[in-house]
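Taking it in order: structure first as structure tokens, then the write-up.
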Amino acid sequence: MKHSDAISQGARLIRAGEIVAFPTETVYGLGADATNPIAIKKIYSTKGRPQNNPLIAHISDRKQLQHLVTSIPNKAELLMDAFWPGPLTILFRKQSSVPEIVTAGLDTVGVRMPSHPIALELIRQAKTPIVAPSANPSGKPSGTHHDHIQDYFGDSVFCIPGGSTEIGVESTVITVLGEHPVILRAGAISKENIEQVLGEPVQMALHTDDIPLSPGMKYKHYAPNAPLELISHTAEFQERLDQACEKYSFVGVLGSTQLISKLEIQDNVLTQTLGDRNNLSEISRNLFARLHAFDESKVKIILAERFPTDGIGQAIMDKLTRASEG
Ligand code: TXA
Ligand code: MG
């Protein structure tokens, strides 16, 4: 099927109340018509997603905000000018017409305009905003290649194929509705990027409270099947690896080219290289695909390298930390 045929097929399915997987620049989404609660229900059941975790509405044109939000704060306007289309989700006060099931009962709705041409064209042809969580069973690594979608859902979900996604981790989620801007989820658009545009300090939400600002952050996430242990990029790694090789029949190592080239690797070790340690964009692009590859293997434990937390590094370490808590 040609790309253009797959997109029109996807748009037809969305209009008919079905769910469709599609590529964005961050990760693949599992989309449904944002105005159709019955279609949206299928997203929750397909993913096994908790009902109290709200969805992001994806738009292709700012005019679509009219039907979703009650007002557009100045700060949101600045962020849209700077980062849309792109990997930034902004919270707005929602209109009462936005179905409850989209926002899980909250009075805000998260909106983003993706930059991926397939995602934009799908939304245009479907003629409706599309709500879409990441295309993975709840708790599993997000899909970043159409093969992952096939592995996860088989033929039960129609997927518009788009190869590997460029960024590899989900969008940054921000609210400017309170006194200070707060990042609810780290992504490719960093705290520093946003501070530069808004000209004021931006906080990172701590997700230790009973009621986290972004409900999705409290769930177990990104967990590969095998337990994952984080280790600093030092001599400590070799020592831990040797111990693990004695204890386990099959050991996974997830790290940069720099780390892996320095290690002495025994026969019962599967290494997955994330890329150049000095290029965190490359590391983030490969992260979920490598975690997914470990799930296809039978490793008993994964030893993973820690990365610096500047820029997109914050998102990388956030995913790895959650994977280690899985
Ligand atoms: O890059 C992305 O954002 C991808 C692609 C497909 O666009 N989507 C994605 O969706 O990651 P999902 O559902 O996997 O994650 C959405 C996150 C969750 O942590 C959710 O709790 C939070 O955004 N969220 C959505 N709406 C919210 C709202 N109104 N208030 C607070 N948090 C919200
Ligand atoms: Mg997700």
On the accessible surface of the stretch 246-300, probed at 1.4 Å, how many percent belong to carbon and sulfur atoms? 42 percent
With +1 on each Lys and Arg Cβ and -1 on each Asp and Glu Cβ, and nothing else charged, work out how big the dipole of the chain is about its Cα centre, in Debye to the nearest 20. 980 debye
Sparse-neighbour loop sites [trypsin sites (Lys or Arg not before Pro); the stretch 217-326; at most 13 other C-beta within 10 Å; DSSP]: Lys220, Lys298
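For the stretch 10-122, with only Lys/Arg (+1) and Asp/Glu (-1) charged at the beta-carbon, what is the dipole magnitude about the Cα centre, in debye rounded to 20?
Dipole of the stretch 10-122, to the nearest 20 debye: 240 debye.
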Which lysines have a Cα less than 27 Å from the Cα of Lys127, not counting those fewer than 8 places away in the same chain? Lys2, Lys41, Lys42, Lys47, Lys63, Lys94
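As an exercise, identify the trypsin sites (Lys or Arg not before Pro) in the stretch 62-148 lying in DSSP coil whose Cβ has no more than 12 other Cβ atoms within 10 Å.
Values: sites: Arg62, Lys63, Lys75, Arg93, Lys94, Arg112, Arg124, Lys127; in loops: Lys127.
Filter output for the stretch 62-148: Lys127.
Give me the 1.4 Å probe accessible area per residue for the stretch 258-326, excluding ligands and nucleic acids, in Å². Write out the running numbers ahead of the final one.
Numbers: 3030 Å² over 69 residues.
Ligands and nucleic acids excluded, the figure is 44 Å² per residue.
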What residue among Pro129, Pro85, Pro114 shows peak mean-square fluctuation when the chain is described by a Gaussian network model with Cα springs under 10 Å? Pro85
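Only bridges whose two residues both fall in the chain count here: according to DSSP, what percent of them are antiparallel, nearest 5? Kindly include the intermediate steps, with their values, before the conclusion.
On the way: 16 of 40 bridges.
Among the beta bridges of the chain, antiparallel pairing accounts for roughly 40 percent.
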Could you give the Stokes-Einstein D for the chain in µm² per second, using the C-alpha Kirkwood radius, 4 °C, 1.567 mPa s? 64 µm²/s
Given DSSP loops and a limit of at most 14 other Cβ atoms within 10 Å, what is the longest stretch of the chain that contains no such GluC sites (Glu not before Pro)? 1-178
List the residues, sorted by chain then number, that are 5 or more residues from Ile301 or on another chain and whose placed amide H is less than 5 Å from its amide H. Gly252
Roughly what % antiparallel, to the nearest 5, for the DSSP beta bridges in the stretch 63-180? 60 percent
Which whole-Hz couplings ³J(HN,Hα) result when phi for each residue of the stretch 298-306 is put into the Karplus expression 6.51 cos²θ - 1.76 cosθ + 1.60, θ = phi - 60°, listed in order with x for Gly and Pro? 10, 4, 8, 8, 10, 9, 10, 7, 7
Determine which lysines satisfy two conditions relative to Lys191: a Cα distance under 22 Å, and not lying fewer than 8 residues away in the same chain. Lys75, Lys218, Lys319
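The values are calculated or read from the model by the stated rules, or taken from the named source; none is laboratory data. Predicted model only: the values in this text are computed from it and were never measured. In this analysis, Cβ positions are derived from the backbone assuming ideal geometry, glycine residues included, and neighbour counts consider all displayed protein chains. When the accessible area is computed, the model is the full protein with side chains, heavy atoms only, and any ligands, DNA or RNA have been set aside. Shrake-Rupley method; radii C 1.70, N 1.55, O 1.52, S 1.80 Å.
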